[in-house]
Number of protein chains: 2
Amino acid sequence: MINPFDDTYFMKKALQEAELAYEKGEIPVGAIIVVKDRVIARTHNLTELLNDVTAHAEMQAITSAANFLGGKYLLNCTLYVTLEPCQMCAGALYWSQISKVVYGASDIQRGFTTMGTQLHPKTEVVGGVLAEEASALMKRFFIEKRNLN
Amino acid sequence: MINPFDDTYFMKKALQEAELAYEKGEIPVGAIIVVKDRVIARTHNLTELLNDVTAHAEMQAITSAANFLGGKYLLNCTLYVTLEPCQMCAGALYWSQISKVVYGASDIQRGFTTMGTQLHPKTEVVGGVLAEEASALMKRFFIEKRNLN
């Protein structure tokens with residue numbers, strides 16, 4: 001049987017969030033958190049608007065999901081994020097003991113795999129889902145930014 | 001000339017914050033951020049109260065200081081924190097480009113030095129300031145917790 005609620009389905013929703021960040025002039029990264037095929041958090045990067053380096057999409061998603069669940073551990077939850085998490089976000093995911101992390105484009109420079117940040121041993125990781133779409137949006141953003149300055 | 005506003009002076013203020021966390025049943029970690037000998041943020045761990053793994057003292061201090069300064073980069077700022085920052089907090093400090101980080105007790109298991117988290121190259125780090133006091137408070141907390149359960 002085909003399950004329509006696969007990683008690609010949910011990553012599309014994270015990409016929609018990244019588009020919202022893009023429209024606001026934020027580095028376009030979006031995230032959602034899903035539990036039993038239900039989206040319980042939708043967030044996008046707001047570091048410029050909030051003037052706050054901690055306002056990455058993933059950080060907000062973790063806080064939002066914990067608030068929804070009424071508990072700080074994100075057991076049975078999956079995070080979908082359009083860009084590979086950084087040290088900070090991976091460190092937060094470590095504490096959350098989240099079950100699964102799915103990311104889109106790799107971040108060769110500052111992604112957690114390059115930086116050597118440890119996720120929780122319980123956490124399954126999948127990379128590269130709709131990576132081209134996420135990457136294209138990032139490139140479009142930085143090209144436009146450069147042309148404006 | 002003696003400068004009363006040294007690292008020990010400010011770490012005492014961070015310890016006062018840790019005491020507040022202790023009184024609330026939170027793992028007792030406190031932080032302050034200082035710019036030109038002026039305290040612009042005072043925070044303590046609130047992960048239990050907020051049900052949020054991201055509510056470490058340092059994370060709140062970064063957000064609070066950026067809010068005070070009206071900018072997300074913590075240039076000319078010093079963070080004083082009673083316990084060595086974890087991966088998440090060190091990752092956030094990396095993005096903030098903070099000038100100096102002073103911590104009290106080392107966290108051998110989950111501190112950023114053990115975990116290999118990178119701070120910004122601009123950031124000066126000093127460890128071990130009032131380490132015994134910070135460590136004693138943590139020990140008192142965990143002994144009491146154990147006796148309650």
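No value in this document is a laboratory result; all are computed from the given coordinates. Note that this is a predicted model, so its numbers are computed, not measured. Here the Cβ is made from the backbone with ideal geometry for all residues, glycine too, and neighbour counts use every protein chain on show.
Brief remarks on what is shown
- Note on the range B:4-149: antiparallel DSSP beta bridges, both residues inside, total approximately 60 percent of the bridges counted.
- Annotation: amide H of B:Thr82 within the under-5 Å range of B:Gly30, B:Gly104, sequence separation 5 or more or interchain, hydrogens built in the peptide plane.
- Remark: mean inter-chain Cβ contacts per residue of A:108-116 equal 2, using a 10 Å Cβ-Cβ cutoff to other protein chain atoms.
- Axis angle, to the nearest 10 degrees, between helix A:57-69 and the longest C-alpha principal axis of chain A: 30 degrees.
- Fewest-first sequence of B:Val129, B:Val101, B:Val29 by Cβ atoms within 10 Å of each Cβ: B:Val129, B:Val101, B:Val29
- Using a 7 Å projection from Cα along Cα-to-Cβ, the label point at A:Thr114 is separated from the same position in the remaining copies by 2.8 nm, smallest value first.
- Label distances, nm, A:Lys36 versus same residue in remaining copies, Cβ-directed 7 Å point: 5.6
- For chain B, the longest principal axis of the C-alpha atoms and the axis of helix B:7-23 are separated by about 40°.
- Per-residue ellipticity at 222 nm, computed for chain A from helices alone with -39500 (n - 2.57) per DSSP H run of at least four residues, works out to -13500 deg cm²/dmol.
- Least to most buried among B:Lys72, B:Lys13, B:Lys24 (fewest other Cβ within 10 Å first): B:Lys24, B:Lys13, B:Lys72
- Lysine pair count for the range A:31-147 (Cα-Cα distance under 25 Å; residues 8 or more apart in sequence or on different chains): 6.
- Most tightly packed first, judged by the mean number of other beta-carbon atoms within 10 Å of their residues, the peptides B:81-87, A:113-119 read B:81-87, A:113-119.
- The distance linking the range A:48-69 with the range B:62-140 is 20 Å (Cα centroid to Cα centroid, whole angstrom).
- With Cα atoms, 0 to 90° folded angle of helix B:87-96 axis to chain B main axis: 20 degrees
- Copy-to-copy label separations for B:Leu75, where each label sits 7 Å from Cα toward Cβ, in nm and ascending: 4.7
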